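Structure first, commentary second.
The values are calculated or read from the model by the stated rules, or taken from the named source; none is laboratory data. Everything numeric here is computed off the predicted structure, so don't read it as measured data. In this analysis, Cβ positions are derived from the backbone assuming ideal geometry, glycine residues included, and neighbour counts consider all displayed protein chains. Keep in mind that these areas ignore ligands, DNA and RNA; they rest on the heavy atoms of the full protein, side chains included. Shrake-Rupley method; radii C 1.70, N 1.55, O 1.52, S 1.80 Å.
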Amino acid sequence: MRTLLLGLSLLLLMVSPCGRAGTPTPTISIIVATGASHPGLKHEEIALIFARKRRFWDDGSRIQAVNLPANNPLRRSFSQQIFSRTPEELEDYWRSMYFHGDLPPYVLASEEAVIRFVATTPGAIGYVSHCVVDARVSVLMQLDGSSTCTH
């Protein structure tokens, strides 16, 4: 019951973007492999995927979500925009899910690792700064940010 309430609380709070005033936030691209077709995903569906509440794409293939490390600023911005929570605030949720046999998404060390994983793993989804997106992946959605690319 506690897990259900926590999950519902996360879903209710996930749509309002959060950020510190004056701190530039990167524009985040939600990515899948080039050629993968998952049209029309909304914030709520992205939250379900990264909360491991939605595990399969419409075509029946398994979703393989990947995160950046909890201390990565892009992960922090992603968590705040999707869940209205920091990665640290989501730790209780994941501890509770663990006891039900559910593990959090894989964590990869860098944006390049996320791109490589998503590009080569069927059903994979991840997020990176819009500045590093290349032809290996397709952008499903962008989350608003105030910073611009510097390279």
(request) Assuming 1.567 mPa s and 4 °C, estimate D for the range 23-134 with Stokes-Einstein, Rh taken as the Kirkwood radius over Cα pairs, in µm²/s. (result) 90
(request) Report, to the nearest whole %, how much of the accessible area of the range 30-151 belongs to carbon and sulfur atoms, 1.4 Å probe, protein only. (result) 53
(request) Rank by packing, highest mean first: peptides 117-123, 86-92, with packing defined as the count of other Cβ atoms within 10 Å averaged across residues. (result) 117-123, 86-92
(message) I'd like to know which of A119, F99, L143 lies farthest towards the positive end of the charge dipole of the range 50-151, counting +1 on Cβ of Lys and Arg and -1 on Cβ of Asp and Glu.
(response) F99
(message) Amide H of A124 versus every other amide H placed in the peptide plane: which residues, excluding those fewer than 5 positions away on the same chain, fall under 5 Å?
(response) A33, Q64
(request) Search the structure for amide H atoms under 5 Å from the amide H of V107, placed 1.01 Å from N in the peptide plane, and list their residues when 5 or more places away or on another chain. (result) N67
(request) Give me the accessible area of H43, 1.4 Å probe, in Å² rounded to the nearest 10. (result) 60
(message) Using 0.36 nm times the number of residues separating T86 and R116, minus their current alpha carbon distance, what extension gain do you get?
(response) 8.3 nm
(request) Go through the range 76-139 and name the trypsin sites (Lys or Arg not before Pro) that are in a DSSP coil and have 15 or fewer other Cβ atoms within 10 Å of their Cβ. (result) R136
